[in-house]
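Everything on this sheet refers to the single structure shown next.
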Amino acid sequence: MLDLDLPESVSNTMKSLISSTVAVNFHLAILDTRLCFCMMGLEKGDIWSMDEKVSWTKLVVVSAGENVRVKRLIPLIPIVYWNNGREILMLTRRSKLVSYNVRWDTWRGIEIPGVAADIEAMLFDPVFVPTKNLFKSRKTIEDT
């Protein structure tokens, strides 16, 4: 992997985050305000997090094990740690929510009471735009 610092015109080589296992899906995601790089294979996946010093740390190895149902859900995109940090809430390729227990290496589907089972979950990144001066140049009917 090559690290390019364009303003300084410097290049360095970096150790690749990709392990020797075959990864079939790669995703960038935000997990608890940190940039994460997710590599999901058919048997397991790695979730890496970037720290403040621009280095990568492996957070967890996610195992599908013998769970054929989980294998069909790949790619999995982490959303947030929850349940006191013991589980990672993830979004599946079918837009469903699943939870992975890091300690016990177990999976469970997340159902929300009162919400239809076929509802889809979506990730979005809110954008805040100041509106104070947005329409300042327009004249209102009262101004004319």
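Working out 0.36 nm times the residue gap between ARG93 and SER63, then minus their Cα-Cα distance, what length gain in nm do you get to one decimal?
Working: separation 30, 0.36 × 30 = 10.80 nm, distance 1.68 nm.
This chain segment gains 9.1 nm when fully extended.
Report the full-extension gain for the segment ILE110 to LYS44: residue separation times 0.36 nm, less the Cα-Cα distance, to one decimal in nm.
Details: separation 66, 0.36 × 66 = 23.76 nm, distance 2.05 nm.
Gain on stretching ILE110 to LYS44: 21.7 nm.
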**Q.** Label point distance in nm, GLU52-ASN101, each placed 7 Å from Cα along Cα→Cβ
**A.** 3.4
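Bear in mind that the values in this text are calculations on the coordinates, not laboratory data. Since we're looking at a predicted model, the values are computed, not measured. All Cβ positions, glycine included, derive from the backbone under ideal geometry; neighbour counts span all protein chains shown.
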